Each structure stands twice: as structure tokens, then as C-alpha cells.
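Q: Let me begin by handing over the structure; questions about it come next.
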Ligand SMILES: Cc1cc2nc3c(=O)[nH]c(=O)nc-3n(C[C@H](O)[C@H](O)[C@H](O)COP(=O)(O)OP(=O)(O)OC[C@H]3O[C@@H](n4cnc5c(N)ncnc54)[C@H](O)[C@@H]3O)c2cc1C
């Protein structure tokens, strides 16, 4: 059975995020030879449409409208609906991001459809669409089958493999946006916060600080190492609660769940709630002065020592090969 | 102000997950009120304290979830609705349909929920519920102000903060940082035992179990592959960081 699969692209600063290319690869698998389309929503974003073709979209729909410049649920739900009317997909994939997490369930409810969130693997088994997702914040994994002729899913960044970029050119179809009669919420203002440039959920390398950094100032060496490694900076809840950093940096069961290639935990004890958020990282390095800290149980490499000595030394060593 | 809070009882975040016959074992696990729902309950209580009204908590689940209901009542919620019928324990589609039918039977101005539960972590139910009730929603909020019918919330959108406006009735989901949940007081705990818990069946809600059966089914659950013991590097700092960088580059190939 062939299925039509729509991938709603997730944009950050008007660029398509890698997770959307990864989702295109998943879409290809799930389509069983059917058509894969991408959808780009926003304002003055048409230029990014072609990149979706290079990663496997057969067709790319673009809805470009000032009302879509800022994310608002009613506007985005209506826009995706309009694209769905044109393309008539059986599967719709989003990123498991601030927008995807918000739009997908609204559409799933409207369509009385099943949805699987935070997917890390997709497969077709005897024509059934099967997703794998973490439960208990990564302490276990569930394989989930969705019934029905309309299926929604949100894809976790960094988990489906990135398709090869090809020279393919997709047909770009512009859909004119019918503005919904009522926008029930309005964004008055967006306060951008100056957190570091690299996005935590997509980062290949993350350097995290815990209560062991001892102050906001103590995060400096962490940022120094992150800069050299082109890494994002994360934190334990201990560090957030102590006010050393912002909650948006928290990793763990009640923070972000991350799966980078390399995770470096500095001054983090490794409480089970923290481990839940990072223990599926490919390689884990722990730097902690307490040799008994539980974080060493999940670490591939451990250094027992004072982070204020080890982290700067590591930064210098990394510079030798990376800068 | 009629405030409804959707709550879920979840495994304690300390809980170790083990499997028995392919399903997650519940024996010996401590259950708690989902931490994000604690923020939702706290916010509801704060609003009621300022503006008057009633706080009703709604939940779906087996008998054991009464403990979470009692916690919410001990914190200060006025009453509870509990749907205990097994046919209601489905996927996010099922849960949202059942909650919507239960909530439709009551007048409400504001609905609060946690932005996700720490067990399934799918974060779908509240958004689905808003859709089914045909009211707007604001997700992952870290601040809420209500004056008259006007709602202003701060929404955490991956670290950016959006200031969002809406008019009641509205549904909001709580993000960490929204408030500091209180602890139940002794008086609160005593009072909780006398507060009403209304048990509803699918029949009461005019729902047939067929119409709400799950769309998503769990086929199997697996635990992550156990990690082999790692290596604690030895030597002075310079030796260890040099070895670490070499290993990360040559053996693990992550640099
Ligand atoms: C419901 C609930 C949800 C939670 N969710 C999360 C979550 O999502 N994420 C999370 O992280 N936590 C979470 N927690 C909290 C968790 O239980 C721990 O309290 C927290 O992770 C501890 O943070 P920490 O490791 O930074 O601090 P600590 O446990 O205090 O550890 C600090 C570590 O730093 C080391 N250290 C100190 N100084 C130095 C130095 N100079 N050099 C090197 N090492 C040093 C110490 O040896 C120690 O191991 C949650 C808790 C609950 C109850």
C-alpha cells in the first residue's frame, strides 16, 4: 500500500531545521513508494522550499503570508489544514518542537486521529505504520502502531537518519492562505533570550553544568568549552534551581530530553531525573570531583577532578585539534 | 471563576523501570501527582484565592489514582471528578475524548493542565482537549495573569518567551517555572477526606467504548541496552584531557 506523507517543515530563524530533513527520510520509509511532500509555512520563506526537494520531497507546498510570520495556533492549524486539503495525505509528520508539539495534537483531535509523539524510529511492517518512542523520559521505549487512515506524528531531532542530499528538484506549489475568521490568541511580543547560539535539542555536542559550577559566573568555563566544540550548553535542575542559569537549559525528566553524539556533564551528580534526559546520548563524558557520583555509571569516559581545572585544560586541548 | 484542572497520577520520577511479561511493572512503584500538574493545581489555587470561585480536578485512571486526587484536594481543590472505567484508559485520543465529555457537563472559565506527563511524555491530551471543547489554548506557560475575561500568559517556546493574549474561556498548560507548588497542610489533608469525588462512567458521559477506543496501540516495550562500564581516566590533568580528546576523536569519532 502506498501512502502520501506530508512533512511540515520546522523553521528556526527562517531556516529549515535538520529534524525536518530527517523527517523526510522517515516519510520516504512510511510512504511505501507513495508521494512525499513538504510544507513550508511562514512569511517570506519561499526560498527555503527547494532544500526540501534536495532531501527527498517530491513536491513542496508553500504558504507564505504575513499572518504566519509569528507562530499562533489558530493560524498554523488552519494553514496545515489547507495544505492537507490539497495534498490529501494519510500521514503527517511534524518536528517534536514548540510548534509541532502544539499543532499536531490539535489537528489529530480535529481528525479524530491517532498521534505518536517524540518519535525516534519509523518503520513499515506488513503495511502497518510503526513508530518507536521513548517513555518515562527515555527509561524505556515503546513500539506503537497507529490505526486509521489518518496518522500524525512528531519526530524527535537527531534520531532518524539524515537522508543523502540529492540534486533533485521538487515541484514547488504555492497555496494561497485563507486567513481564519478568528484568531483566538495573539502574540503581543516575543522576548528573545540571549541563550547560546546552538539549539539544545538538535545539538551534536552538549556541554552541561550542574550545581558543581557553584555560580552563574562558574558557567564561564562551560561556555568556553562549548564554543570550541561548537556545542550547546545545558544544565541540571540543580544549577537551574540555584539560579546559575535559565530553566530553558534544563536537561532531564522535567526538562529537555537530548540525544547528542557527545554529552559532557560537568559538576553534575547524575540523579536519575537528569540521567533520563541524557543517558541515550551516544558518548557521555563526566567530570566530577566525587568518584562515587552516579553520573560515572553512565559515562563512557570519566575524569575525577575539579571542573575548574579540568574543563579549561580540556578546552585548550580541544583547541589544538579543532581551531 | 470556575477552574478545572486535569491531573494524572504518574510514576515517581525516581522510579526505576522494569518489565514483566513485556509490560512496565507497577508493583513497588511509588506514585505521585504528575509534577507538571502540581504547577497547574497551584496556579488554579492562586487564582481562586485572588478572584474567588471553585477548583475542580478531573482525572481518569484505576482506583489507585484516588491518592493523587486526595493530594490535589489536600492542596486546596474543592472537588474532583474521577472516571474509573477501564474502557476510558486508552491513548491520548481516548483520554481527550473522555475528558472533553466530562468537562462539558460543567460550567468552566479556565482549564489548566500540565504540559506533559512525566510517564508518557507525549504532551497531546491538553491540546486535543482544547480543540474538542472549541476553546483556544496556550501551551507551556511560565506566567499567567487574568483580569476580567482578559488573559495574558508568558509561553516558553524553546527558550524564547512569547507574551500571548486571549479571552476566557481558555486552556493553558503549565511549564516548570510557573510557580512554586505548596505542600499540603495537615488541615488540608484532613479536609480533603470530606471533599466530594464524583465518579463518572462512560454511560454517564453518553460515550460508547467503541467510539473512543484507542487509535494508537503499544506493541512492545523495551529497555535501553545496558551500557558497558565506562572508563575513568588516570594520570595528571594534562595526560587525562589529552587522552580524552584522542579517544573522542579516534575511537568514538564524535569530535
Ligand atoms: C519531580 C522531579 C523532577 C526532576 N527533574 C529533573 C530534571 O529534569 N533534570 C535534572 O537535572 N534534575 C531533575 N530533578 C532534580 C534531581 O533529583 C537532582 O536534584 C538534580 O539533578 C541535581 O543537580 P546537580 O547534579 O547539578 O546537583 P548535585 O546533586 O548537588 O550535584 C553536584 C555535583 O557537582 C559535583 N561538584 C561540586 N563541585 C565540583 C567541582 N568543583 N568540580 C567537579 N565537580 C564538582 C559534586 O561532586 C556533585 O556530584 C528532579 C527532581 C524531582 C523531584
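Q: All but one of (1) outside the structural domain of residue A:219 (by TED's automatic domain parsing); (2) surrounded by fewer than 23 Cβ atoms within 10 Å (Cβ to Cβ); (3) closer than 30 Å to residue A:234 by Cα hold for residue A:155, so report the exception by its number.
A: All conditions are met except number (2).
Q: Tell me which residues, restricted to region A:50-76, are within 20 Å of the chain's Cα centre (by Cα) and more than 14 Å from residue A:93 (Cβ to Cβ).
A: A:51, A:70, A:71, A:72, A:73, A:76
Q: Can you tell which of B:40, B:72, B:68, B:77 is in the same structural domain as residue B:113 (by TED's automatic domain parsing) and either assigned to a loop (DSSP other than H, G, I, E, B) or surrounded by fewer than 19 Cβ atoms within 10 Å (Cβ to Cβ) (or both)?
A: Going through B:40, B:72, B:68, B:77 in turn, the sole match is B:77.
Q: Another one. Do you know which of the residues in region A:90-123 that are out of contact with any strand residue (DSSP E or B) (no Cβ under 7 Å at 6 or more places or on another chain) and either closer than 19 Å to residue B:91 by Cα or part of a strand (DSSP E or B) (or both) is farthest from the other protein chains (Cβ to nearest Cβ)?
A: Narrowing region A:90-123 to residues out of contact with any strand residue (DSSP E or B) (no Cβ under 7 Å at 6 or more places or on another chain): A:97, A:99, A:106, A:109-112.
When the remaining residues are screened for being either closer than 19 Å to residue B:91 by Cα or part of a strand (DSSP E or B) (or both), the result is A:106, A:109-112.
On the way: A:106: 5, A:109: 4, A:110: 6, A:111: 10, A:112: 7 Å.
Result: A:111.
Q: Given the options B:214, B:252, name the one that is under 38 Å from the mean Cα position of the chain (by Cα), in contact (Cβ under 8 Å) with a residue 40 or more places away in the chain and facing chain A (nearest Cβ under 9 Å).
A: Result of the check over B:214, B:252: B:214.
Q: Hey, another quick one. Scanning for something within 30 Å of residue B:18 (Cβ to Cβ), part of a loop (DSSP other than H, G, I, E, B) and more than 16 Å from the ligand (Cβ to nearest atom), does region A:129-148 turn up at least one residue?
A: Scanning region A:129-148 turns up at least one residue that is within 30 Å of residue B:18 (Cβ to Cβ), part of a loop (DSSP other than H, G, I, E, B) and more than 16 Å from the ligand (Cβ to nearest atom).
Q: Any idea how many residues of region A:305-323 are within 11 Å of the ligand (Cβ to nearest atom) and part of a helix (DSSP H, G or I)?
A: Total satisfying the criteria: 5.
Q: Name the residue that is surrounded by the most Cβ atoms within 10 Å (Cβ to Cβ), counting only residues in region A:198-218 that are within 16 Å of the ligand (Cβ to nearest atom) and within 14 Å of chain B (Cβ to nearest Cβ).
A: Out of the qualifying residues, it is A:207.
Q: Would you check which residues across region B:14-36 are under 17 Å from the mean Cα position of the chain (by Cα) and over 30 Å from residue B:145 (Cα atoms) and list them?
A: B:14, B:15, B:30, B:31
Each row is one residue, and each column tells you yes or no for (1) away from the ligand (no atom under 16 Å from the Cβ); (2) over 19 Å from residue A:136 (Cβ atoms).
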| residue | (1), (2) |
| --- | --- |
| B:6 | yes, yes |
| B:23 | yes, no |
| B:30 | no, no |
| B:37 | no, no |
| B:45 | yes, yes |
| B:48 | yes, yes |
| B:55 | yes, yes |
| B:63 | yes, yes |
| B:71 | no, yes |
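Q: For region A:129-140, enumerate the residues that are over 14 Å from residue A:258 (Cα atoms) and facing another protein chain (nearest Cβ under 9 Å). Let's see the steps before the verdict.
A: The initial filter retains those residues of region A:129-140 that are over 14 Å from residue A:258 (Cα atoms), namely A:129-132, A:140.
Matches in region A:129-140: A:130, A:131, A:132, A:140.
Q: Just wondering, is there one or more residues in region A:224-233 that are more than 8 Å from chain B (Cβ to nearest Cβ), within 12 Å of the ligand (Cβ to nearest atom) and crowded, with 20+ Cβ neighbours inside 10 Å? Before you say what the answer is, go through the steps one by one.
A: To start, the set of residues in region A:224-233 that are more than 8 Å from chain B (Cβ to nearest Cβ) comprises A:224-228, A:230-233.
So of that shortlist, the ones also within 12 Å of the ligand (Cβ to nearest atom) come out as none.
No, every residue in region A:224-233 fails to be more than 8 Å from chain B (Cβ to nearest Cβ), within 12 Å of the ligand (Cβ to nearest atom) and crowded, with 20+ Cβ neighbours inside 10 Å.
Q: Where in region B:95-181 are there strands (runs of 3 or more DSSP E), lying wholly inside it, with at least 2 residues that are at the interface with another protein chain (Cβ under 7 Å from one of its Cβ atoms) and in contact (Cβ under 8 Å) with a residue 12 or more places away in the chain?
A: On the way: elements: B:110-114, B:137-147, B:150-157, B:160-167, B:170-174.
Here the list reads B:137-147, B:150-157, B:160-167.
The values are calculated or read from the model by the stated rules, or taken from the named source; none is laboratory data. Just so we're clear, the structure is a prediction, and the values are computed from it rather than from any experiment. Glycine also receives a Cβ, built like all others from the backbone with ideal geometry; neighbour counts cover every protein chain displayed.
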